[in-house]
Amino acid sequence: MTEPLDLLARLRAWSYQRQQLGRAAPEPAAALRAVVAVYSTHPTAPLALRARSAALDAASFGALEQRREVVRLPAMRQSIFLLPTENAARVFAATRLPLEQHARRLAYAGLDGDEYARLKPLILEAAGEPITPSGLQAALAMDARATMALRVMAREGLVLRLGSSLRTDHLRWVATAAWLGQPLEEVDPAAALAWLAEAYLRGYGPARVADFAWWSGVPRRRAAAALAGVRVVDVGGGLLLPADEQAAFERIAPLDPAAVDVVPKWDAYTMGHAPDGRQRLVDDAHLPRAYSTKDTRVGATAGDGLPLVLQGGRAVASWSHRFAGQRLAVTVTPFADDDLSPAAYASLFEEIGRLLDASAVEVVAGAAAS
């Protein structure tokens, strides 16, 4: 008879399943809906969907955007996310900041409110077809102020980013109404946040109010009010789960301890819970190896989820990559001397190489952390 799972093992197995890890989603759009959104930067977006989809290649990823099934918009924590178009207006409304909070961005570029208002219709006309920032500046005979105005318009949902390379962010921009055939629907922010709270619990729960506040980027009081409208059960320690999922949670089967997954930087799984609530994913002792710190950060912020190798749903190694021409070089660095054979993950990086159109893939093991 199988021993009942303890809460941590149950959380890990449930989250792994709900996150569609193990390539469980039948197609990329289903994977995306399951996790609400993925960070839009490349290669994070395609690699996050690859870890969850039964099949994904460059053509099928690009088709999502070309068929208008997905869009890129500011959302949780004001980061840019790849979202299912069907849910984009609600997620955007739930997390949107008022225009006044972008005044500093405009002022930095030497724009005031009047100049910004004058530029908006000109930019919308120029961006009727996808255009690069440099192309926009040329079209308007203007300097980088046009690019800043474009970026703030994206914060208003008036323009969208479009990707063109799976490896890096080579972006074009297009007017939302021109691309989708209509502007984003106006949605009541409170209703949108209530919808987002339930969607979060279904993709990331059981989770605490603090986790939803951290993930969404809204104040804790607003997060608590949104979750109050969801019929939930507390499975222990303030971890909330939709009540209709309780029975399934209690009978969840244990994970295969040998199952190996590769997830990218800023993956939905790594960025789904507040810093003090990540035990289902990674042992506390290994948090500095799974997330950037003030000493290892690149850019302005710490706490970014690093590219990870999971074994049995638990982070056991980090990985990094670089391209030398068309050759992809990957280094996998174990957190400890776990039984993680390179043979267990080599084929996964070969698949990543094919997705990113690498001519060859070399995978080497870094020294285990002491």
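Values in this text are rule-based calculations from the coordinates and carry no lab data. These figures come from a predicted structure and were not determined experimentally. Note that each Cβ is placed from the backbone with ideal geometry, even for glycine, and that neighbours are counted across all protein chains shown.
Would you mind telling me which residue in GLN66, GLN101, GLN182 has the biggest mean-square fluctuation in a Gaussian network model of the chain, where springs connect alpha carbons within a distance under 10 angstrom?
GLN101
How big is the Cα convex hull of region 260-365 in projection, averaged over all directions, in nm²?
7.0 nm²
Taking every pair of Cα atoms in the chain, average 1/r, invert it to obtain the Kirkwood radius, and report Rg/Rh to two decimals.
0.98
Within a 10 angstrom radius of the beta carbon, how do GLU250, GLU100 rank from fewest other beta carbons to most?
Sorted ascending by nearby Cβ count, the order is GLU100, GLU250.
Taking K and R as +1 and D and E as -1, what net charge do the other residues with C-beta under 14 Å from the C-beta of GLN20 add up to?
+3
Full extension from SER134 to ALA55: what is 0.36 nm times the residue separation minus their Cα-Cα distance, to one decimal in nm?
In short, 24.9 nm is gained.
Dipole of the chain (Lys/Arg Cβ +1, Asp/Glu Cβ -1, origin at the Cα centre): which of VAL218, LEU348, VAL361 lies farthest to the positive side?
Final value for the positive-end residue is VAL218.
For region 45-156, rounded, prolate or oblate, judged on the Cα gyration tensor with a ≥ b ≥ c (square roots of eigenvalues), a/c < 1.5 rounded, else prolate if a/b > b/c?
Prolate is the answer for region 45-156, as a/c is 1.5 or above and a/b outweighs b/c.
For region 90-134, state the average projected area of the convex hull of the C-alpha atoms over all orientations, rounded to one decimal in nm².
Averaging across all directions leaves 4.4 nm² for the Cα convex hull.
Compute the convex hull volume of the Cα atoms of region 156-246, divide it by the residue count, and report the result per residue in Å³ as a whole number.
Per residue, the Cα convex hull of region 156-246 comes to 146 Å³.
Measure nothing fancy, just the Cα-based angle from helix 342-355's long axis to the longest principal axis of the chain, in degrees from 0 to 90, nearest 10.
Roughly 20 degrees between the two axes.
Antiparallel as a % of all DSSP beta bridges within region 260-365, to the nearest 5?
Counting only bridges with both partners in region 260-365, antiparallel ones make up about 75 percent.
Can you put ARG161, ARG251 in order, fewest other beta carbons within 10 Å first?
Placing the least packed residue first, the sequence is ARG251, ARG161.
What's the magnitude of the charge dipole for the chain around its Cα centre, counting Lys and Arg as +1 and Asp and Glu as -1 at the beta-carbon? Answer in Debye, nearest 20.
It comes to approximately 580 debye.
How would you rank THR293, THR147, going from fewest to most other Cβ atoms within 10 Å of each one's own Cβ?
Lowest count first: THR293, THR147.
If a/c stays under 1.5 just call it rounded; otherwise compare a/b with b/c (prolate if a/b is bigger, oblate if not). Do that for region 190-289, with a ≥ b ≥ c from the square roots of the Cα gyration tensor eigenvalues.
Here region 190-289 falls in the oblate category.
Equivalent ellipsoid semi-axes for region 139-197, as square roots of 5 times the alpha carbon gyration tensor eigenvalues: give them largest first, rounded to whole Å.
Three semi-axes, in Å: 26, 16, 12.
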